[in-house]
Amino acid sequence: MTTKHFFVDTTVLLGRSLRHITRSLDTILTTVITPIAMMLMFVYVFGGAIQTGSDSYVNYLLPGILLITVASGIAYTAFRLFMDMQSGIFERFQSMPIARSSVLWAHVLTSLVANLLSLVVVVLVALLMGFRSGAGPLAWLAVAGILVLFTLALTWLAVIPGLTAKSVDGASAFSYPLIFLPFLSSAFVPTDTMPGPVRAFAENQPVTSIVNALRALYTEQPVGTGIWIALAWCAGILVVGYVLATITYRRKIS
């Protein structure tokens, strides 16, 4: 199977998936409702009681909200994969002269596009709530790069339950722990305010590194080695997710 064949097949299948998204834009709206509701609640209800050392609490918590947005969005990737598996479309694709991996890549790229749109919506709401940044284009490109890498990493993880779940609820339920993980990080409060064991976990889990790197970039603070730790976490999760997802896919279609 040539590389050109793979790209052509992936492009065609990506167009199919994106058409499904455009016909149900409520999917993107549903994805952003929970993160936006959390942002409103934390800023306007709890923001005054939380001491972060930042002039604007919305500036402080935005990275965590963005990661929750991605975690919410990939549940739909698992859902769409599950529905394709149940409808028999995968078997139909396998009977056609197309690159087998293009089926998965089309779903992954669709997830990336949908999640980027959701992230833009959340950032626009944050701007209305007072979010401001003086960071330059390079810093924002770095922020976008980290978010793209993080989205790809979680999307490949989402492929696994999408292929193996026994029910619709099972396909999307795996995202719940991912949505909860930012609450045990520096996303909403500084980790030094947490009790010992919780602080130890919070400071050594991937969300804290990623949140800190994003926050430092758009607030024009020194990123130091933190950005490399964040990138290492994203790349590590991406590699593990990709390998496990492709192994699962091959077993399903063999």
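The values are calculated or read from the model by the stated rules, or taken from the named source; none is laboratory data. Please read all numbers here as calculations on a predicted model, not as lab measurements. For neighbour counting, all protein chains shown are included, and Cβ atoms are generated from backbone atoms with ideal geometry for every residue, glycine included. Areas reflect the complete protein model, heavy atoms only, side chains present, ligands, DNA and RNA absent. Shrake-Rupley method; radii C 1.70, N 1.55, O 1.52, S 1.80 Å.
Before moving on, here are some points about what is shown:
- Answer label for Rg/Rh (Cα atoms, Kirkwood Rh) (calculated), chosen among (i) 0.97; (ii) 1.02; (iii) 1.00: (iii)
- Cβ-Cβ distance of I50 and F183, R₀ of 22 Å, FRET efficiency by 1/(1 + (r/R0)^6): the value works out to about 0.95.
- In nm, spacing of pseudo-spin labels at A235 and L128 (7 Å Cα→C-beta vector): 3.9
- Euclidean distance between Cα centres, segment 129-158 to segment 194-214, Å: 18
- Degrees separating the helix 206-218 axis from the principal Cα axis of the chain, which is the longest one: 70
- Mean accessible surface per residue for the chain, computed with a 1.4 Å probe while every protein chain stays in place, in Å²: 49
- Relative contact order %, the chain, counting alpha carbon pairs below 8 Å whose residues are six or more apart: 26
- Of the solvent-accessible surface of segment 150-254, computed with a 1.4 Å probe and all protein chains present, 68% belongs to carbon and sulfur.
- List V168, V43, V122, ordered by accessible area with a 1.4 Å probe, largest first: V168, V43, V122
- Dividing the summed -39500 (n - 2.57) terms of all DSSP H runs of n ≥ 4 by the residue count of the chain sets its mean residue ellipticity at 222 nm at -25500 deg cm²/dmol.
- Between the Cα long axis of helix 137-164 and the first principal axis of the chain there is an angle of about 50°, rounded to the nearest 10.
- Note on D192 and A135: the extension gain reaches 17.9 nm, defined as 0.36 nm multiplied by sequence separation minus the Cα-Cα distance.
- Applying both filters, DSSP loop and at most 14 other Cβ atoms within 10 Å, to the chymotrypsin sites (Phe, Trp or Tyr not before Pro) of segment 119-174 eliminates every site.
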